[in-house]
Amino acid sequence: MDSVTTVAVIVVAQVMAEEIAEVVEIKLVFSEERLMKGWDEIWRL
């Protein structure tokens, strides 16, 4: 691979990693909210 290809691969990998990180963060936030709501329901009982 020449240097241009290497740089392109690194850039693409970073963009993909950021996309994946955003999706994972969104899922974590959703699951935390669900856990909090679940605990509220349990405490009401």
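Throughout, read-outs are computed from the coordinates displayed, never taken from laboratory work. Quick caveat, the model's predicted, so the values are computed rather than measured. Note that we place each Cβ from the backbone using ideal geometry, even for glycine, and neighbour counts take in every protein chain shown.
Brief remarks on what is shown
- Which numbered condition Ile20 misses (of (1) exposed (fewer than 10 other Cβ atoms within 10 Å of the Cβ); (2) part of a helix (DSSP H, G or I); (3) not acidic (Asp, Glu)): (1)
- Hits in the stretch 18-37 (condition: within 8 Å of the chain's Cα centre (by Cα) and aliphatic (A, V, I, L, M)): Ile20, Ala21, Val23, Val24, Ile26, Leu28
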